[in-house]
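The values are calculated or read from the model by the stated rules, or taken from the named source; none is laboratory data. These figures come from a predicted structure and were not determined experimentally. Counting neighbours? That spans all protein chains shown, and the Cβs are built from the backbone with ideal geometry, glycine included.
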Ligand code: ADE
C-alpha cells in the first residue's frame, strides 16, 4: 500500500510534513514530492498549487510516477451548508465541477459527454472517516462538494451552486482529483475543513482561518492513515 496525501497549498501540507518520518524529496514537473513514512505506512505528500489543472497534474503524477494506490486530499473549503462553521470537517460523497458549462448544447451544468456530473468517492475511506470522527468526538458532515476555478466570495454565485448541485461546500480542486482517480481506478477520499462561508467576508476569513483549518484537516487525515487497512 502506498498512500498519496495531497493538498493544494503549502499551508495544507505543512502540518502533514511536520509529523511524518524518513522524508525524501523529489523535484518533478515543477513541483516537489515528499516520500515518507507514517505509523509504518508509506506515504507520498505534495501540494498541487491552486485550481483544477494543477490538481489534476499532481494527482496523476502521484499515481503514475510514484505508484500510489489510494489518494487522500486534505485542505480547506468554503461552506455552503449554513450548519457548517469555521473548522468543521466535511467529506465528499460526490464531487462536481460547478464551472463546467456546455449547456449551449442541451447538456446539464457540470456535464460533458462520457463524463459524469457527480463523481463518487471511495466508500471504505468514507466509513473509516466516520469511525475516526466518532473516536475523536468530532462532528463530520458528508455531502456533495462543488469544485471550480473560482474563489467564491458572493452570495448569489454560492446559492446558484447550492441549488444546481445540492452542494454542502465548495473549493477549487476536489472534483478534478476525483476525475483522475476515477479514470485510473484509484480509491479517492476528499476531506475539507471550513475556512470561510463563500460570502462577502470570504477573502478575509480565508486568510484568517486557512492555517488553523488546514491543520484540523491534516491531523484528521493522518489519523485515518494510521488506521487504514486496505
Ligand atoms: N476554498 C476555501 N474557500 C473557498 C472559496 N470561498 N471559494 C473557493 N475555494 C475555496
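Elements of the type helices (runs of 4 or more DSSP H) sitting completely within the range 122-215 and holding at least 1 residues that are surrounded by fewer than 21 Cβ atoms within 10 Å (Cβ to Cβ), more than 13 Å from the ligand (Cβ to nearest atom) and within 15 Å of the chain's Cα centre (by Cα): these cover 123-136, 174-184. Inclusion of residue 53 among residues that are over 13 Å from the mean Cα position of the chain (by Cα), modelled with pLDDT of 95 or more and within 16 Å of the ligand (Cβ to nearest atom) is warranted. Considering the range 76-109, the residues that are closer than 14 Å to residue 148 by Cβ and away from the ligand (no atom under 16 Å from the Cβ) include one that is surrounded by the fewest Cβ atoms within 10 Å (Cβ to Cβ), namely 101.
Scanning for something assigned to a strand (DSSP E or B), touching a residue at least 24 places away in the same chain (Cβ under 8 Å) and surrounded by 15 or more Cβ atoms within 10 Å (Cβ to Cβ), does the range 59-71 turn up at least one residue? Scanning the range 59-71, I find at least one residue that is assigned to a strand (DSSP E or B), touching a residue at least 24 places away in the same chain (Cβ under 8 Å) and surrounded by 15 or more Cβ atoms within 10 Å (Cβ to Cβ), so the answer is yes.
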